[in-house]
Amino acid sequence: MRALLLSIILLSLCRTLAVAQAGFVPRLSDDRAARASSSNKDPDANGDSWSCEPGETRTLADLKGPGQINHIWMTISSDEPAFLRRMVLRIYWDGEKTPSVEAPVGDFFGLGHAQYYQYDCAVFSIGDRMGLNCYWPMPFARSARVTITNEGTKGVGVYFYVDWVRKAKADPGLGYFHAQYRQFNPPPRGRDMTFLEARGKGLFVGCNYTVFATTGDWWGEGDDKFYIDDQGLTLKGTGTEDYFCGGWGFPTGPYAHLYTGVPLNGMNRDQEITNCYRYHLADPIPFARSLRFDMEHKGAGIVDGKQVGYMERFDFISEVSYWYQAEPHAAFPTLPPVMDRLLDYQKRAYVEPDAFEVELYTAFLTVEGAPSSALAPERMARYGNGWSSGEQATFAAPGPGARIVFPADPFQGLAGVVFALTTGPDYGQVALKQGDQVLATFDGYSATVQPGKPITVTFTRPLLQYPLTLEVTGKAAASAGYRVGLDYVKPVLAPGK
(Lines give C-alpha, C1' and ligand atoms only; values in the text may rest on other atoms or scores of the structure.)
Protein backbone atom coordinates (compact mmCIF):
# COMPACT_ATOMS: atom_id res chain seq x y z
CA MET A 1 0.00 0.00 0.00
CA ARG A 2 2.83 2.42 0.87
CA ALA A 3 4.50 1.71 -2.48
CA LEU A 4 1.19 2.25 -4.30
CA LEU A 5 0.60 5.56 -2.49
CA LEU A 6 4.09 6.76 -3.39
CA SER A 7 3.53 5.82 -7.03
CA ILE A 8 0.29 7.82 -7.09
CA ILE A 9 2.01 10.84 -5.54
CA LEU A 10 4.91 10.72 -7.99
CA LEU A 11 2.63 10.24 -11.00
CA SER A 12 0.45 13.17 -9.95
CA LEU A 13 3.45 15.38 -9.32
CA CYS A 14 4.90 14.54 -12.72
CA ARG A 15 1.57 15.51 -14.32
CA THR A 16 1.63 18.83 -12.45
CA LEU A 17 5.24 19.53 -13.37
CA ALA A 18 4.55 18.68 -17.00
CA VAL A 19 2.65 21.97 -17.25
CA ALA A 20 5.86 23.83 -16.44
CA GLN A 21 7.83 21.66 -18.87
CA ALA A 22 5.54 21.80 -21.88
CA GLY A 23 3.69 25.08 -21.32
CA PHE A 24 -0.02 25.58 -21.72
CA VAL A 25 -2.29 22.51 -21.87
CA PRO A 26 -5.81 23.41 -23.12
CA ARG A 27 -7.67 20.99 -20.83
CA LEU A 28 -11.17 22.19 -19.95
CA SER A 29 -12.09 22.07 -16.27
CA ASP A 30 -14.38 23.51 -13.64
CA ASP A 31 -11.54 25.49 -12.02
CA ARG A 32 -12.32 29.13 -11.23
CA ALA A 33 -9.71 31.85 -11.73
CA ALA A 34 -8.83 33.92 -8.69
CA ARG A 35 -6.22 36.46 -7.69
CA ALA A 36 -4.83 38.18 -4.62
CA SER A 37 -3.04 41.40 -5.48
CA SER A 38 -1.94 44.80 -4.21
CA SER A 39 -4.42 46.52 -6.52
CA ASN A 40 -5.94 49.67 -5.03
CA LYS A 41 -9.62 49.18 -4.20
CA ASP A 42 -10.35 52.76 -5.29
CA PRO A 43 -11.02 52.52 -9.07
CA ASP A 44 -9.87 56.12 -9.52
CA ALA A 45 -6.56 55.67 -7.68
CA ASN A 46 -3.24 54.38 -8.95
CA GLY A 47 -1.44 53.73 -5.67
CA ASP A 48 -1.19 49.97 -6.05
CA SER A 49 1.68 49.11 -3.72
CA TRP A 50 1.49 47.93 -0.15
CA SER A 51 3.85 49.46 2.37
CA CYS A 52 5.94 47.16 4.53
CA GLU A 53 7.81 48.85 7.35
CA PRO A 54 10.99 47.57 9.07
CA GLY A 55 10.15 44.51 11.16
CA GLU A 56 6.68 44.20 9.67
CA THR A 57 5.14 41.05 8.17
CA ARG A 58 2.39 41.52 5.59
CA THR A 59 0.08 38.73 4.45
CA LEU A 60 -0.07 39.01 0.68
CA ALA A 61 -2.57 36.20 0.17
CA ASP A 62 -4.81 34.21 2.53
CA LEU A 63 -6.54 31.67 0.30
CA LYS A 64 -9.21 29.09 1.05
CA GLY A 65 -8.91 25.80 -0.76
CA PRO A 66 -8.95 23.52 -2.42
CA GLY A 67 -6.89 25.33 -5.01
CA GLN A 68 -3.55 25.81 -6.70
CA ILE A 69 -1.26 28.82 -7.02
CA ASN A 70 0.03 28.95 -10.60
CA HIS A 71 1.88 32.27 -10.73
CA ILE A 72 3.41 34.79 -8.32
CA TRP A 73 4.60 38.18 -9.55
CA MET A 74 6.07 40.92 -7.44
CA THR A 75 8.32 43.93 -7.57
CA ILE A 76 9.62 45.89 -4.61
CA SER A 77 10.33 49.60 -4.38
CA SER A 78 13.34 50.26 -2.14
CA ASP A 79 16.64 52.13 -2.23
CA GLU A 80 18.20 50.13 0.61
CA PRO A 81 21.31 48.13 -0.33
CA ALA A 82 20.59 44.40 -0.65
CA PHE A 83 16.85 44.74 0.00
CA LEU A 84 16.30 41.50 -1.95
CA ARG A 85 18.15 39.69 0.88
CA ARG A 86 16.48 41.69 3.63
CA MET A 87 12.94 40.79 2.50
CA VAL A 88 11.79 37.23 3.37
CA LEU A 89 9.08 35.24 1.58
CA ARG A 90 7.15 32.54 3.45
CA ILE A 91 4.27 30.27 2.39
CA TYR A 92 2.15 28.13 4.72
CA TRP A 93 -0.14 25.28 3.60
CA ASP A 94 -3.38 24.09 5.22
CA GLY A 95 -3.02 26.11 8.42
CA GLU A 96 0.44 24.82 9.35
CA LYS A 97 2.36 26.74 12.04
CA THR A 98 5.74 26.62 10.33
CA PRO A 99 6.32 27.59 6.69
CA SER A 100 6.88 25.20 3.81
CA VAL A 101 8.61 27.99 1.88
CA GLU A 102 11.13 30.24 3.62
CA ALA A 103 13.78 32.20 1.74
CA PRO A 104 14.95 35.75 1.10
CA VAL A 105 12.90 37.12 -1.77
CA GLY A 106 15.85 37.49 -4.14
CA ASP A 107 17.20 34.00 -3.49
CA PHE A 108 13.77 32.42 -3.91
CA PHE A 109 13.56 33.90 -7.42
CA GLY A 110 17.14 32.90 -8.22
CA LEU A 111 18.78 36.29 -7.59
CA GLY A 112 21.73 35.38 -5.37
CA HIS A 113 23.28 37.83 -2.91
CA ALA A 114 20.58 40.41 -3.77
CA GLN A 115 22.01 40.92 -7.28
CA TYR A 116 19.68 41.80 -10.13
CA TYR A 117 20.02 40.16 -13.54
CA GLN A 118 17.43 39.28 -16.16
CA TYR A 119 16.87 35.66 -17.12
CA ASP A 120 14.14 33.19 -18.07
CA CYS A 121 13.80 29.48 -17.36
CA ALA A 122 11.01 26.94 -16.93
CA VAL A 123 9.89 28.15 -13.50
CA PHE A 124 11.24 31.69 -13.05
CA SER A 125 11.28 34.79 -15.23
CA ILE A 126 13.06 37.96 -14.14
CA GLY A 127 11.97 40.91 -16.24
CA ASP A 128 13.08 44.48 -16.55
CA ARG A 129 13.13 46.65 -13.41
CA MET A 130 12.93 43.64 -11.12
CA GLY A 131 9.69 42.11 -12.30
CA LEU A 132 9.94 38.80 -10.38
CA ASN A 133 7.86 35.88 -11.69
CA CYS A 134 7.44 32.35 -10.30
CA TYR A 135 5.60 29.56 -12.15
CA TRP A 136 6.02 26.60 -9.78
CA PRO A 137 2.59 24.91 -9.46
CA MET A 138 1.55 24.99 -5.80
CA PRO A 139 -1.54 22.86 -5.00
CA PHE A 140 -3.20 22.94 -1.58
CA ALA A 141 -6.19 21.27 0.02
CA ARG A 142 -7.55 23.66 2.67
CA SER A 143 -5.62 26.93 2.67
CA ALA A 144 -2.55 28.85 1.56
CA ARG A 145 -1.01 31.87 3.25
CA VAL A 146 1.73 33.93 1.55
CA THR A 147 3.63 36.47 3.64
CA ILE A 148 6.53 38.86 3.22
CA THR A 149 8.67 40.23 6.07
CA ASN A 150 10.83 43.34 5.98
CA GLU A 151 14.05 42.68 7.91
CA GLY A 152 15.67 45.86 6.56
CA THR A 153 16.00 49.29 8.12
CA LYS A 154 13.78 51.18 5.64
CA GLY A 155 10.19 50.85 4.58
CA VAL A 156 9.46 49.42 1.14
CA GLY A 157 6.59 49.30 -1.31
CA VAL A 158 5.46 45.88 -2.55
CA TYR A 159 3.47 45.30 -5.72
CA PHE A 160 2.24 41.74 -6.24
CA TYR A 161 -0.11 39.28 -7.90
CA VAL A 162 -0.82 35.78 -6.59
CA ASP A 163 -2.71 34.05 -9.41
CA TRP A 164 -4.50 30.84 -8.41
CA VAL A 165 -7.47 28.65 -9.25
CA ARG A 166 -10.23 27.37 -7.00
CA LYS A 167 -10.89 23.67 -7.46
CA ALA A 168 -13.99 21.63 -6.79
CA LYS A 169 -12.03 19.12 -4.75
CA ALA A 170 -8.46 18.49 -3.67
CA ASP A 171 -6.31 15.87 -5.36
CA PRO A 172 -4.86 13.75 -2.51
CA GLY A 173 -2.08 12.53 -4.79
CA LEU A 174 -0.48 15.96 -5.24
CA GLY A 175 2.46 16.96 -3.08
CA TYR A 176 2.98 20.35 -1.47
CA PHE A 177 5.59 22.76 -2.80
CA HIS A 178 8.57 23.50 -0.53
CA ALA A 179 11.56 25.83 -0.77
CA GLN A 180 14.31 26.34 1.81
CA TYR A 181 17.30 28.70 1.98
CA ARG A 182 20.64 27.70 3.48
CA GLN A 183 24.01 29.42 3.52
CA PHE A 184 27.60 28.62 4.43
CA ASN A 185 30.00 31.44 5.28
CA PRO A 186 32.39 29.74 5.36
CA PRO A 187 31.53 26.11 4.54
CA PRO A 188 32.40 23.57 7.25
CA ARG A 189 36.01 22.45 7.29
CA GLY A 190 36.49 18.75 6.55
CA ARG A 191 32.89 17.92 5.62
CA ASP A 192 30.33 18.61 2.92
CA MET A 193 27.66 21.27 2.89
CA THR A 194 24.15 19.92 3.51
CA PHE A 195 21.62 21.79 1.41
CA LEU A 196 18.52 19.81 2.29
CA GLU A 197 17.33 17.21 4.79
CA ALA A 198 13.75 16.22 3.98
CA ARG A 199 11.64 13.50 5.56
CA GLY A 200 8.47 12.05 4.09
CA LYS A 201 7.46 11.11 0.56
CA GLY A 202 8.22 13.43 -2.28
CA LEU A 203 10.25 14.64 -5.23
CA PHE A 204 13.35 16.80 -5.29
CA VAL A 205 12.93 19.21 -8.21
CA GLY A 206 16.01 21.41 -8.13
CA CYS A 207 17.98 24.25 -6.64
CA ASN A 208 19.71 27.50 -7.32
CA TYR A 209 23.24 27.97 -6.01
CA THR A 210 25.21 31.16 -5.47
CA VAL A 211 28.91 31.51 -4.69
CA PHE A 212 30.73 34.67 -3.66
CA ALA A 213 34.37 33.85 -4.37
CA THR A 214 36.53 35.00 -1.46
CA THR A 215 39.63 34.28 -3.55
CA GLY A 216 40.18 34.04 -7.28
CA ASP A 217 40.39 30.83 -9.33
CA TRP A 218 37.94 28.00 -10.03
CA TRP A 219 35.64 27.19 -7.13
CA GLY A 220 33.49 24.36 -8.55
CA GLU A 221 35.19 20.96 -8.26
CA GLY A 222 32.83 19.80 -5.52
CA ASP A 223 30.59 16.79 -6.24
CA ASP A 224 26.84 16.63 -5.62
CA LYS A 225 25.67 13.79 -3.36
CA PHE A 226 22.14 12.51 -2.76
CA TYR A 227 21.33 10.16 0.14
CA ILE A 228 17.88 8.63 -0.43
CA ASP A 229 15.61 6.76 2.03
CA ASP A 230 18.31 6.28 4.66
CA GLN A 231 20.17 3.90 2.33
CA GLY A 232 23.47 5.78 2.25
CA LEU A 233 25.02 7.56 -0.72
CA THR A 234 22.73 6.91 -3.70
CA LEU A 235 23.68 9.45 -6.39
CA LYS A 236 27.15 10.99 -6.72
CA GLY A 237 28.30 13.53 -9.29
CA THR A 238 31.59 14.58 -10.88
CA GLY A 239 31.79 18.32 -10.18
CA THR A 240 29.71 21.36 -9.41
CA GLU A 241 29.47 22.65 -12.97
CA ASP A 242 28.67 19.10 -14.10
CA TYR A 243 25.70 18.92 -11.74
CA PHE A 244 24.48 22.23 -13.17
CA CYS A 245 24.87 20.70 -16.65
CA GLY A 246 27.67 23.00 -17.81
CA GLY A 247 31.28 22.09 -18.30
CA TRP A 248 34.89 23.12 -17.85
CA GLY A 249 34.27 25.87 -15.34
CA PHE A 250 31.50 27.82 -17.13
CA PRO A 251 34.01 29.61 -19.40
CA THR A 252 31.62 31.30 -21.82
CA GLY A 253 29.82 33.82 -19.62
CA PRO A 254 26.19 33.95 -18.47
CA TYR A 255 23.40 31.92 -20.05
CA ALA A 256 19.90 30.75 -19.12
CA HIS A 257 18.21 27.62 -20.50
CA LEU A 258 14.93 25.92 -19.68
CA TYR A 259 16.17 23.72 -16.84
CA THR A 260 19.80 24.79 -16.31
CA GLY A 261 21.74 28.01 -16.44
CA VAL A 262 24.35 30.40 -15.11
CA PRO A 263 22.54 33.76 -15.34
CA LEU A 264 25.27 35.52 -13.33
CA ASN A 265 28.86 34.49 -14.05
CA GLY A 266 31.75 35.94 -12.05
CA MET A 267 34.22 34.15 -14.36
CA ASN A 268 36.19 32.78 -11.36
CA ARG A 269 37.40 36.23 -10.33
CA ASP A 270 38.13 37.24 -6.75
CA GLN A 271 35.20 38.91 -4.93
CA GLU A 272 32.79 38.10 -7.77
CA ILE A 273 29.40 36.35 -7.63
CA THR A 274 28.19 33.41 -9.71
CA ASN A 275 24.67 31.99 -9.68
CA CYS A 276 23.72 28.60 -11.18
CA TYR A 277 20.44 26.73 -11.30
CA ARG A 278 19.24 23.25 -12.13
CA TYR A 279 15.57 22.29 -12.12
CA HIS A 280 14.79 18.56 -12.28
CA LEU A 281 11.48 18.85 -14.08
CA ALA A 282 12.49 16.28 -16.69
CA ASP A 283 14.41 14.12 -14.19
CA PRO A 284 12.90 14.59 -10.70
CA ILE A 285 14.51 12.67 -7.85
CA PRO A 286 11.88 10.66 -5.89
CA PHE A 287 12.20 9.65 -2.26
CA ALA A 288 9.88 7.47 -0.17
CA ARG A 289 11.10 8.25 3.36
CA SER A 290 13.92 10.79 3.29
CA LEU A 291 16.38 12.71 1.20
CA ARG A 292 19.64 14.47 2.04
CA PHE A 293 21.33 16.65 -0.57
CA ASP A 294 25.00 17.49 0.02
CA MET A 295 27.64 19.31 -2.01
CA GLU A 296 31.40 19.35 -1.61
CA HIS A 297 33.16 22.72 -1.53
CA LYS A 298 36.32 22.04 -3.49
CA GLY A 299 38.21 23.83 -6.22
CA ALA A 300 41.50 25.50 -7.07
CA GLY A 301 43.65 27.88 -5.07
CA ILE A 302 47.08 28.81 -3.80
CA VAL A 303 48.75 26.95 -0.93
CA ASP A 304 52.20 28.05 0.24
CA GLY A 305 52.61 30.02 -2.95
CA LYS A 306 51.82 27.07 -5.21
CA GLN A 307 48.77 26.44 -7.38
CA VAL A 308 46.61 23.55 -6.13
CA GLY A 309 43.83 22.27 -8.36
CA TYR A 310 41.76 20.25 -5.88
CA MET A 311 41.36 21.55 -2.35
CA GLU A 312 38.71 22.71 0.08
CA ARG A 313 37.55 26.26 -0.57
CA PHE A 314 35.82 28.55 1.89
CA ASP A 315 33.72 30.87 -0.22
CA PHE A 316 30.38 32.37 0.87
CA ILE A 317 27.86 29.90 -0.57
CA SER A 318 24.09 30.22 -0.45
CA GLU A 319 21.45 27.91 -1.90
CA VAL A 320 17.70 27.37 -2.22
CA SER A 321 16.32 23.83 -2.60
CA TYR A 322 12.91 23.18 -4.15
CA TRP A 323 10.91 20.00 -3.63
CA TYR A 324 7.39 18.56 -3.31
CA GLN A 325 6.29 16.26 -0.53
CA ALA A 326 3.40 15.05 1.56
CA GLU A 327 3.02 16.97 4.82
CA PRO A 328 4.18 17.18 7.51
CA HIS A 329 7.70 18.28 6.60
CA ALA A 330 10.82 18.13 8.75
CA ALA A 331 11.67 21.23 10.76
CA PHE A 332 13.63 23.86 8.84
CA PRO A 333 16.88 25.20 10.29
CA THR A 334 16.61 28.73 11.65
CA LEU A 335 16.94 31.34 8.93
CA PRO A 336 20.28 33.15 9.43
CA PRO A 337 19.97 36.69 10.85
CA VAL A 338 19.76 39.38 8.20
CA MET A 339 23.23 40.83 8.85
CA ASP A 340 24.75 37.35 8.49
CA ARG A 341 23.09 37.02 5.09
CA LEU A 342 24.75 40.17 3.71
CA LEU A 343 28.13 40.63 2.09
CA ASP A 344 30.49 43.00 3.86
CA TYR A 345 30.07 45.78 1.31
CA GLN A 346 26.27 45.53 1.63
CA LYS A 347 26.53 46.07 5.38
CA ARG A 348 28.73 49.15 5.18
CA ALA A 349 27.66 50.72 1.89
CA TYR A 350 26.66 54.35 2.24
CA VAL A 351 23.60 55.67 0.39
CA GLU A 352 23.74 59.16 -1.08
CA PRO A 353 20.75 61.09 0.33
CA ASP A 354 17.98 62.11 -2.09
CA ALA A 355 19.73 60.45 -5.05
CA PHE A 356 18.55 58.10 -7.78
CA GLU A 357 20.69 54.95 -7.86
CA VAL A 358 21.21 54.62 -11.61
CA GLU A 359 21.84 50.85 -11.44
CA LEU A 360 18.25 50.40 -10.21
CA TYR A 361 16.77 52.28 -13.17
CA THR A 362 18.64 50.91 -16.18
CA ALA A 363 15.38 49.56 -17.65
CA PHE A 364 14.07 53.14 -17.94
CA LEU A 365 17.08 54.39 -19.89
CA THR A 366 17.41 54.16 -23.67
CA VAL A 367 20.71 52.96 -25.13
CA GLU A 368 21.70 54.06 -28.63
CA GLY A 369 24.73 52.94 -30.61
CA ALA A 370 25.20 49.80 -28.47
CA PRO A 371 23.15 46.76 -27.40
CA SER A 372 20.78 47.42 -24.50
CA SER A 373 22.74 44.79 -22.55
CA ALA A 374 25.75 47.14 -22.63
CA LEU A 375 24.16 49.02 -19.71
CA ALA A 376 24.08 46.87 -16.57
CA PRO A 377 24.59 47.02 -12.80
CA GLU A 378 28.10 46.45 -11.48
CA ARG A 379 29.31 45.73 -7.95
CA MET A 380 32.13 48.07 -6.93
CA ALA A 381 33.24 46.46 -3.66
CA ARG A 382 36.63 45.43 -5.03
CA TYR A 383 37.44 49.09 -5.61
CA GLY A 384 36.52 50.37 -2.15
CA ASN A 385 33.51 51.94 -0.44
CA GLY A 386 33.15 55.16 -2.42
CA TRP A 387 30.00 54.25 -4.39
CA SER A 388 26.49 54.85 -3.14
CA SER A 389 24.90 51.48 -2.27
CA GLY A 390 28.21 49.85 -3.30
CA GLU A 391 27.14 49.56 -6.96
CA GLN A 392 26.94 51.55 -10.18
CA ALA A 393 25.47 51.29 -13.67
CA THR A 394 28.24 50.49 -16.17
CA PHE A 395 27.89 51.37 -19.85
CA ALA A 396 30.23 49.19 -21.93
CA ALA A 397 30.24 51.62 -24.86
CA PRO A 398 31.89 50.31 -28.04
CA GLY A 399 33.15 53.74 -29.09
CA PRO A 400 32.31 57.39 -29.80
CA GLY A 401 28.67 58.13 -30.61
CA ALA A 402 27.19 55.55 -28.23
CA ARG A 403 24.86 57.24 -25.81
CA ILE A 404 22.30 56.96 -23.05
CA VAL A 405 19.03 58.89 -23.25
CA PHE A 406 17.35 59.75 -19.93
CA PRO A 407 13.55 59.91 -19.61
CA ALA A 408 12.17 63.41 -19.18
CA ASP A 409 9.48 62.73 -16.56
CA PRO A 410 11.69 62.26 -13.47
CA PHE A 411 13.45 65.58 -14.14
CA GLN A 412 10.43 67.77 -14.82
CA GLY A 413 10.45 70.88 -12.63
CA LEU A 414 14.12 70.54 -11.68
CA ALA A 415 16.76 73.17 -12.33
CA GLY A 416 19.30 70.46 -13.12
CA VAL A 417 20.95 67.31 -11.82
CA VAL A 418 24.22 66.20 -10.27
CA PHE A 419 25.96 63.28 -11.97
CA ALA A 420 28.30 61.05 -9.95
CA LEU A 421 30.53 59.37 -12.54
CA THR A 422 33.42 56.94 -12.21
CA THR A 423 36.97 57.10 -13.54
CA GLY A 424 39.25 54.21 -14.43
CA PRO A 425 41.95 52.91 -16.79
CA ASP A 426 39.46 51.88 -19.52
CA TYR A 427 36.91 54.68 -19.10
CA GLY A 428 36.09 57.16 -21.85
CA GLN A 429 35.22 60.80 -22.32
CA VAL A 430 31.58 61.89 -22.32
CA ALA A 431 29.42 64.92 -22.99
CA LEU A 432 26.17 65.60 -21.14
CA LYS A 433 23.83 67.23 -23.62
CA GLN A 434 20.36 68.59 -24.31
CA GLY A 435 19.83 68.18 -28.01
CA ASP A 436 23.04 69.46 -29.64
CA GLN A 437 23.88 71.71 -26.69
CA VAL A 438 26.71 70.47 -24.47
CA LEU A 439 25.97 71.12 -20.81
CA ALA A 440 29.14 69.55 -19.37
CA THR A 441 31.99 67.24 -20.29
CA PHE A 442 33.80 64.59 -18.28
CA ASP A 443 37.04 62.69 -18.83
CA GLY A 444 36.68 59.26 -17.24
CA TYR A 445 40.32 58.20 -17.44
CA SER A 446 42.40 57.56 -14.32
CA ALA A 447 45.08 55.00 -13.55
CA THR A 448 42.85 53.26 -11.00
CA VAL A 449 39.08 52.84 -10.66
CA GLN A 450 37.71 55.48 -8.32
CA PRO A 451 34.73 57.81 -7.92
CA GLY A 452 35.07 60.95 -10.01
CA LYS A 453 34.22 64.43 -8.82
CA PRO A 454 30.44 64.90 -9.24
CA ILE A 455 29.45 67.38 -11.93
CA THR A 456 26.31 69.54 -12.08
CA VAL A 457 24.36 70.26 -15.23
CA THR A 458 21.71 72.98 -15.47
CA PHE A 459 18.81 72.49 -17.83
CA THR A 460 18.52 75.21 -20.47
CA ARG A 461 15.68 73.85 -22.63
CA PRO A 462 12.40 71.98 -22.15
CA LEU A 463 13.24 68.35 -21.43
CA LEU A 464 10.34 66.94 -23.44
CA GLN A 465 11.67 68.54 -26.63
CA TYR A 466 15.37 68.25 -25.71
CA PRO A 467 15.96 65.16 -23.58
CA LEU A 468 19.05 64.79 -21.46
CA THR A 469 21.66 62.50 -23.00
CA LEU A 470 25.07 61.17 -22.09
CA GLU A 471 27.19 60.65 -25.20
CA VAL A 472 30.61 59.02 -25.47
CA THR A 473 32.85 61.41 -27.40
CA GLY A 474 36.24 59.69 -27.24
CA LYS A 475 38.93 58.62 -24.81
CA ALA A 476 42.23 59.79 -23.41
CA ALA A 477 45.29 58.43 -25.17
CA ALA A 478 46.19 56.36 -22.12
CA SER A 479 42.70 54.87 -21.72
CA ALA A 480 42.10 51.28 -22.80
CA GLY A 481 38.42 51.77 -23.64
CA TYR A 482 35.21 53.79 -23.65
CA ARG A 483 33.54 52.50 -20.49
CA VAL A 484 31.23 54.82 -18.54
CA GLY A 485 30.30 54.40 -14.87
CA LEU A 486 27.21 56.12 -13.42
CA ASP A 487 26.84 55.88 -9.67
CA TYR A 488 23.88 58.16 -8.99
CA VAL A 489 21.92 61.15 -10.28
CA LYS A 490 20.84 63.74 -7.73
CA PRO A 491 18.20 66.41 -8.35
CA VAL A 492 18.92 70.14 -8.20
CA LEU A 493 15.73 71.90 -7.20
CA ALA A 494 14.53 75.03 -8.94
CA PRO A 495 14.56 78.23 -6.81
CA GLY A 496 11.69 78.32 -4.35
CA LYS A 497 11.10 74.56 -4.39
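Here is how the numbers come out for the structure above:
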quantity: Of the criteria (1) among the hydrophobic types (A, V, I, L, M, F, W, C); (2) modelled with pLDDT under 85; (3) within 14 Å of Y488 (Cα to Cα); (4) surrounded by fewer than 18 Cβ atoms within 10 Å (Cβ to Cβ), which one V418 fails; calculated: (2)
quantity: Some residue of region 220-229 being on the phi > 0 side of the Ramachandran plot and in a loop (DSSP other than H, G, I, E, B); calculated: yes
quantity: Exclusive hit being touching a residue at least 12 places away in the same chain (Cβ under 8 Å) and closer than 23 Å to N265 by Cα, set G386, G424; calculated: G424
quantity: Region 111-130, residues that are of a type in the set (D, E) and either without any contact (Cβ under 8 Å) to a residue 12 or more places away in the chain or not in a loop (DSSP other than H, G, I, E, B) (or both); calculated: D120
quantity: Check on R58, closer than 20 Å to M87 by Cβ, out of contact with any Gly (no Cβ under 8 Å at 6 or more places or on another chain), of a type in the set (D, E, K, R) and surrounded by 10 or more Cβ atoms within 10 Å (Cβ to Cβ); calculated: yes
quantity: Answer residue from region 273-328, given it is among the aromatic types (F, W, Y) and more than 23 Å from the chain's Cα centre (by Cα) and is farthest from P377 (Cα to Cα) among those; calculated: F287
quantity: Strands (runs of 3 or more DSSP E) within region 344-459 that include 1 or more residues of a type outside the set (D, E) and more than 20 Å from the chain's Cα centre (by Cα); calculated: 366-368, 391-395, 403-405, 414-423, 429-434, 437-443, 455-458
quantity: Region 460-497, residues that are at pLDDT 95 or above and in a loop (DSSP other than H, G, I, E, B); calculated: K475, A476, A477, A478, S479, A480, G481, Y482
quantity: Filter result for the condition that a residue is at pLDDT below 80, buried (at least 16 other Cβ atoms within 10 Å of the Cβ) and not in a loop (DSSP other than H, G, I, E, B), over A3, A20; calculated: A20
quantity: Single unsatisfied condition, G266 versus (1) touching a residue at least 60 places away in the same chain (Cβ under 8 Å); (2) crowded, with 20+ Cβ neighbours inside 10 Å; (3) of a type outside the set (A, V, I, L, M, F, W, C); (4) part of a loop (DSSP other than H, G, I, E, B); calculated: (1)
quantity: Any pair with Cβ under 7 angstrom, 6 or more apart, that starts in region 232-255 at a residue that is touching a residue at least 60 places away in the same chain (Cβ under 8 Å) and ends at one that is aliphatic (A, V, I, L, M) and not in a loop (DSSP other than H, G, I, E, B); calculated: P254/V262; P254/L264
quantity: Pairs with Cβ under 9 Å, 6+ apart, first in region 306-325 and outside the structural domain of Q68 (by TED's automatic domain parsing) and over 14 Å from T240 (Cβ atoms), second at pLDDT 95 or above and surrounded by fewer than 23 Cβ atoms within 10 Å (Cβ to Cβ); calculated: none
quantity: Single unsatisfied condition, K97 versus (1) over 18 Å from R278 (Cβ atoms); (2) in contact (Cβ under 8 Å) with a residue 24 or more places away in the chain; (3) in a loop (DSSP other than H, G, I, E, B); (4) not aliphatic (A, V, I, L, M); calculated: (2)
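The values are calculated or read from the model by the stated rules, or taken from the named source; none is laboratory data. Please read these numbers as outputs of a predicted model, since none were measured by experiment. Ideal geometry is used to build each Cβ from the backbone, glycine not excepted, and the neighbour counts take in all protein chains shown.
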